[in-house]
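A short worksheet on the structure shown next.
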Amino acid sequence: MKPGTDTWVAACEMVRRGFEDHGCFLAHFDKVAPNLINSVFCAMEQLFDLPLQTKRRKTSDKPNHGYTGQVPTSPLFESFAIHNPSNRKHCQNFSNIMWPTGNHHLCESVNEYAKLLQELDRTVKRVVFDSYGLDKVKCESFLESTDYSFRSYKYKIPAMDESNVGVNSHTDSTFITILHQRVDGLEVKLKDGEWSAIHASPLFCVLAGDAFMVWSSERIRACEHRVILRSNVTRYSLGLLSYSAEIVQTLEDLVDEEHPIRYKPFDHYSYVGFRFTDEAVKCTSRIKAYCGI
């Protein structure tokens, strides 16, 4: 898809409308081959099958970038993160922590998958910049300041007397989250307040996070979503999440009378850490509690 073509112009309209109305859209991205997707899901099943004490070896100095599991409010949920996975060394370091001799299959699969989804993420952001008529130089600078995190998620089958809520309703702290599922469960809240199930398919669900909402002066909605488990199979899903390595702030070009500045500039990873504090959990809007004006 090349800038300036009819396909590009149509994509600008659809992506912008999806983000502004619902905070999300579905993307067809056939560069990610089915055999690669199968390979990544297979590697993730092996990863989550490791003993708990092994999984807990994965820690990070960045908040919410290690192993997450055994959380009382989300007992069915586990997750791993690999920071900037398009760098093969980061994937190798991760596999060396989990296995004594590493895991070549996981390293190669995740690295290739992340590179492709990073390309999708960057294309989506270029489309957004173009749809608002923003400067291309600013766009490239924005892209260069982006950090990525590969996330894998596991949701075990709930017991008969257990809630089927995999993850409660929330928005992400990210700029963009790209999710892929092979078992139904993901639901998004639409503009009219209704919940809509996103069915498992080859399509990727692209969600705007809190940071994108702040950047756009609330032109873009942060997508509220949740996971509800309705199948009798263990659910695995994959995600690529984008963050800013620099200070997040509202772009002045997008500020007007209808869209005034509503948030103070903030450090992205500090905000990620705040979201898991007792203070934040009690808030209706964590981003407004953290940096709202």
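Computed from the coordinates by the stated procedures, all read-outs in this text should not be read as laboratory data. It should be emphasised that the depicted structure is a prediction, and the values quoted were computed from it without experimental measurement. We place every Cβ from the backbone using ideal geometry, glycine too, and count neighbours over all the protein chains shown.
A few notes on this one:
- Test: residue in region 217-236 that is in contact (Cβ under 8 Å) with a residue 60 or more places away in the chain, assigned to a loop (DSSP other than H, G, I, E, B), of a type in the set (Ser, Thr, Tyr) and touching a Gly at 6+ places or on another chain (Cβ under 6 Å): no
- Filter result for Ser169 (within 19 Å of Leu241 (Cα to Cα), surrounded by fewer than 17 Cβ atoms within 10 Å (Cβ to Cβ) and among the polar types (S, T, N, Q)): yes
- None of Ser86, Ser95 is small (Gly, Ala, Ser), farther than 30 Å from Asp130 by Cα and either surrounded by 13 or more Cβ atoms within 10 Å (Cβ to Cβ) or more than 21 Å from the chain's Cα centre (by Cα) (or both) except Ser95.
- Selection of first residues in region 52-76 that are closer than 20 Å to Gly239 by Cα and without any contact (Cβ under 8 Å) to a residue 60 or more places away in the chain and of second residues that are among the polar types (S, T, N, Q) and in a strand (DSSP E or B), restricted to Cβ pairs under 6 Å at least 6 apart or on distinct chains, gives the following pairs, ordered by first then second residue: Thr68/Ser79.
- Restricting region 176-221 to residues that are surrounded by fewer than 22 Cβ atoms within 10 Å (Cβ to Cβ) and among the acidic types (Asp, Glu), the residue that is nearest to the chain's Cα centre (by Cα): Glu187
- Unmet requirement for Thr174, which otherwise passes all of (1) touching a helix residue (DSSP H, G or I) at 6+ places or on another chain (Cβ under 9 Å); (2) of a type in the set (Val, Ile, Thr); (3) within 21 Å of Ala200 (Cα to Cα): (3)
- Among the residues making up region 1-17, those that are free of Cβ contacts under 8 Å to residues at least 40 places away in the same chain and either surrounded by 12 or more Cβ atoms within 10 Å (Cβ to Cβ) or on the phi < 0 side of the Ramachandran plot (or both) are Lys2, Thr5, Asp6, Thr7, Val9, Ala10, Met14, Arg17.
- Region 40-67, subset touching a helix residue (DSSP H, G or I) at 6+ places or on another chain (Cβ under 8 Å) and β-branched (Val, Ile, Thr), residue surrounded by the fewest Cβ atoms within 10 Å (Cβ to Cβ): Thr54
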